[in-house]
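Remarks on the structure that follows.
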Amino acid sequence: MRTRQVHDQAAIGKILDNTNKKNLRKAFVVLVVVAVLILFFSGVFDFLHDREKIEDFFQDSGVLGPIIYILAFVAAQPLSLPGAALIIPATFVWSWWEVLLYSMVGGIIASTFGFVVSRWIAQDWVRKRLPTKLLKWDRRLSERAFLSVVVLRLITGYAPAADWVLGISKVQMRDFLLGTAIGLVPITAVLAIFGDDTVKWIQTAPLAALGIIAALGGIFFLWKKLKPAEAKT
């Protein structure tokens, strides 16, 4: 009789836990919809896609500029807005090392938000919308989590899809944060130092840009080939 009562309590606990998760997900969806509507009708979307407006705005923001820039970076990431759209205009306002610092802070916060949402709130939603090929990377990512995150960041940069894939994987938060921080430094530094010239170079020398991307991919596959084979069970 007592054993049955314990089992009943455990079952009730699971039901309540599942109910709380469903309510949390519903609340999150409503919050996202409301936030998107506010951003749309307030003209924020248009602002984030207008380079000249971004540049003028931060020049007039004074000491609050860096804080606003970081918040804008965080807001832009879930909208799949390329990081270059904010980083390049910022190079006309601050020194390269300031742009690098502010962009890294904003990028890491935005990526962490995407990672947390994917893992604890919208995991089922993310799994249904990501390509099957990306989902198959779960095991590979968990084998050498830190190095995998670094390589993935070197290839994808600030792409939100990378946050979602890592969120539904078995990668720990520590490896995600360290790998993201290190992996984002190269692309952020290039954009912060060279600014608009980076985009011009990619436009005038697309083959060279593709060569760099191919080299990064080659490094990854070489690492996969050289790593020790798994012990057969």
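The values are calculated or read from the model by the stated rules, or taken from the named source; none is laboratory data. Computed from a prediction, not measured in an experiment: that's the story for all the values here. Neighbour counts are summed over all protein chains in view; Cβ atoms, including those assigned to glycine, are modelled from backbone coordinates with ideal geometry.
Side notes on the structure shown:
- Output for segment 162-180, where each listed residue is of a type in the set (A, V, I, L, M, F, W, C) and crowded, with 17+ Cβ neighbours inside 10 Å: ALA162, TRP164, VAL165, LEU166, ILE168, VAL171, PHE176
- Residues of segment 75-107 that are modelled with pLDDT under 85, part of a helix (DSSP H, G or I) and closer than 22 Å to TRP164 by Cα: ALA75, ALA76, GLN77, PRO78, LEU79, ALA84, ALA85, LEU86.
- Flag for VAL116 being over 19 Å from PHE73 (Cβ atoms) and either within 15 Å of the chain's Cα centre (by Cα) or modelled with pLDDT under 85 (or both): no
- Given (1) of a type outside the set (D, E, K, R); (2) under 14 Å from the mean Cα position of the chain (by Cα); (3) at pLDDT 90 or above, index of the condition VAL165 fails: (3)
- Residue check, VAL93 more than 26 Å from ALA189 (Cα to Cα) and in contact with a Phe, Trp or Tyr (Cβ under 7 Å, 6 or more places away or on another chain): no
- Any hit, segment 81-103, residues being touching a residue at least 60 places away in the same chain (Cβ under 8 Å), of a type in the set (A, V, I, L, M, F, W, C) and within 14 Å of ALA181 (Cβ to Cβ): yes
- Checked against (1) surrounded by 11 or more Cβ atoms within 10 Å (Cβ to Cβ); (2) farther than 27 Å from PHE115 by Cβ; (3) at pLDDT below 60, ASP196 meets all criteria but (3).
- Matching residues in segment 48-74 - criterion: being in a helix (DSSP H, G or I), surrounded by fewer than 16 Cβ atoms within 10 Å (Cβ to Cβ) and modelled with pLDDT under 70: ARG51
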